[in-house]
Amino acid sequence: MKRRHLLVVLMIVTGAVNSVAQVSKTFFVSKAGQMISALTEEEARSVTHLTLTGKINAIDFRHLRDEFSSLEVLDISNAEIKMYMGKDGTYPDKFYVYPPNCVPAYAFCKQENGAYKGKTTLRKVVLSEKTRNIEDGAFKGCEQLSICQIKKKTPPNLLPEALADSVTAIFVPLGSSDGYRLKKRWENFAFIEGEPVEATIQVGLMSSLENEIMKAGFQPKNINFLTVEGKLDNADFKLIRDYMPNLVSINMEKTNATVIPEFTFAQKKYLLRMQLPAHLKSIGQRAFSNCSRLSGTLELPETVTAIEYGAFMGCSNLHYVVAKGNRITTLGDNLFGEENSKLVYKR
């Protein structure tokens, strides 16, 4: 009886943990500037996935930025952004005119102690087909903003520092990506047509990644954000290489893989982020060649001992490859092509 009671308690606790992990809310805002009145302070702090409809303005964006401390996903695709003039918006300590149908200047970036700090919890935003502008610094410093989905077929104006092209993938309506690429300040972004597809896959048997993806209801070619855990072998990496052209991010940290085979991620033009297997030992030749949007710093696990020829050739946006410790005994030629070496050691 006691064991059964304990199991019930554990199930209740697990449910509570899961509910904290994702808190979704949908609100209709009848009057712009009054969104916060529909929530308690506790709700504002706890909500992770928020959908807003109705009318909002720069005052509402300020509340979203400053008081929604857990906000990860914001959908305002069915909300109308109204004009606002005053000092209570998102622009730091200044009377400002916020035009209608524009994501306000510094919407999710706040000035603190003379420096600008973006909203680090925010990872996805969905914007309306009526969006005219994404104003100055709107998402400046939002380092986790991996998805900006825009419902508009013609690109809105992108003002300085509104988005970081090395962080955010832009999802646009079918048939509209060429128009975005030709628009000023949009040239360097990764544009993908359709809805973003995120998948977390558990792999129990070698060579079964494809089966597990299909069982989960996905097609490999459609996946943009992949977290894979468990067992991977060469056949699984071949699937990634040949049938997953639209990867934006992949997390393999919790897999058993010790080798990234040659050419696995070569030519993946949308790939922005990568987390390597925790026990990785070897990176094959040209494994990441011409991943021109792979950006930031790539940290190698301490277990890595070999990096083969041209592994990061053509990765022009990659700032550093950081090797922990001093275990690398094999370094191929032209790791970064004609660029200077970006490999640094961290002890």
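For helix 234-243, report the angle its Cα long axis makes with the longest principal axis of the Cα atoms of the chain; keep it between 0 and 90° and round to the nearest 10°. The helix 234-243 is inclined about 50 degrees to the chain. Please go through segment 154-255 and write out the trypsin sites (Lys or Arg not before Pro) that DSSP classes as loop and that have at most 12 other C-beta atoms within 10 Å. Within segment 154-255, the qualifying trypsin sites (Lys or Arg not before Pro) (loop, at most 12 other Cβ atoms within 10 Å) are LYS184. Charge tally around LYS268: other residues with Cβ under 11 Å, Lys/Arg +1 each, Asp/Glu -1 each, net +3. Measuring against 29 Å, Cα to Cα, the residue pairs LYS55/LYS110; LYS94/LYS269; LYS25/LYS269; LYS110/LYS184; LYS221/LYS346; LYS87/LYS130 contain LYS94/LYS269; LYS25/LYS269; LYS221/LYS346 as the ones spanning a longer distance.
Around MET244, what is the net charge, scoring Lys/Arg as +1 and Asp/Glu as -1 over all other residues with Cβ under 12 Å from its Cβ?
Values: positive: LYS221, LYS238, ARG241, LYS268; negative: GLU210, ASP236, ASP242.
Surrounding charge for MET244 is +1.
Antiparallel beta bridges, as assigned by DSSP with both residues in segment 21-193, represent about 20 percent of the total such bridges.
Suppose we keep just the DSSP beta bridges with both residues in the chain; what percent of those would be antiparallel, to 5? So the antiparallel bridges in the chain amount to around 10 percent.
One-quarter of the Cα convex hull surface for segment 198-346, in nm²? About 7.4 nm², averaged over all directions. With bins 20 Å wide beginning at 0, the percent of Cα pairs of the chain falling in each bin runs 27, 51, 21, 0. Between the Cα long axis of helix 2-21 and the first principal axis of the chain there is an angle of about 70°, rounded to the nearest 10.
Just to be sure I follow the definition: excluding the sites themselves, where is the longest run in the chain that has none of the GluC sites (Glu not before Pro) in a DSSP loop with at most 12 other Cβ atoms within 10 Å? Can you show the working numbers first?
Numbers: sites that count: GLU187, GLU338.
Here the longest segment lacking exposed loop sites spans 1-186.
Note on the chain: GNM, Cα springs under 10 Å; of LEU294, LEU182, LEU158, the largest mean-square fluctuation is that of LEU182.
Computed over segment 21-193, the alpha-carbon pair-distance distribution with 10 angstrom bins reads 11, 42, 37, 10, 0, each value a whole percent.
Segment 153-197 and segment 201-277 have Cα centres lying 25 Å from one another. Amide H contacts of LEU343: VAL321, each under 5 Å away and 5 or more positions distant or on a separate chain (H built 1.01 Å from N in the peptide plane; Pro and chain starts excluded). Here the relative contact order of segment 89-215, from alpha carbon pairs under 8 Å that lie six or more residues apart, stands at 18 percent. Our summary of shape: the Cα atoms of segment 252-321 have principal axis extents of 26, 21, 18 Å, ordered from largest down, in whole angstrom.
Readers should treat all values here as calculations from the given coordinates under stated rules, not as data from a laboratory. Keep in mind the model is a prediction, meaning the values are calculated, not measured. Backbone-built Cβ (ideal geometry, glycine too); neighbour counts: all protein chains shown.
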